[in-house]
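Just so it is clear, none of the values below were taken in a lab; they were calculated from the coordinates. No experiment lies behind these values; they were computed from the predicted model shown.
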């Protein structure tokens, strides 16, 4: 059971979401708590799976990819279960979500160039109809999850 997060937990979470490499000393200073207390709170949030992991952010451009795109897929009848298994093996796919609406799936992908995009779409069309949106720039990226407010 997830306990209610208090204001201090949210201070810790906000700072970790912005920079997961902050030291306990830095986190304790910003949260106004001792380092052992911050460590205990982090351990509790990890145990309760509020904190689900720590990861590095990588520039797709500097990693050698020219394109980032959102690919929507309207899966053909009977093709969803096999697609859900095979999509995990596609190295282009950063994130994949089942969604509501006309399409069943939306994927965030990185690609070397337009020819790589064409090959990727060719792999997708056996599972359904695709619709692709090339990402021009990131307006908001990895924004931290904020505490709920009563007005929401």
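What to note about this one:
- Panel values: region 27-105, Kirkwood radius from alpha carbon pairs, Stokes-Einstein at 37 °C and 0.692 mPa s, translational diffusion coefficient 196 µm²/s.
- Percent RCO, i.e. relative contact order, over region 34-152, from Cα pairs under 8 Å lying at least 6 residues apart: 30 percent
- Per-selection Kirkwood Rh - region 67-134 (Cα, Å, 1 d.p.): 11.8 Å
- Solution diffusion estimate, µm²/s, Stokes-Einstein, region 101-152, Kirkwood Rh from C-alpha pairs, 20 °C, viscosity 1.002 mPa s: 150 µm²/s
- Mean-position separation - Cα centroids, region 19-36 and region 37-85, in angstrom: 26 Å
- Computed over the Cα atoms of region 7-47, the ratio of the radius of gyration to the Kirkwood radius (Rg/Rh) comes to 0.90.
- Rg/Rh for the chain (Cα atoms only, Rh after Kirkwood) is 1.08.
- Each Cα pair under 8 Å and six or more residues apart adds its sequence gap; the mean of these over the residue count of region 67-134 is a relative contact order of 52 percent.
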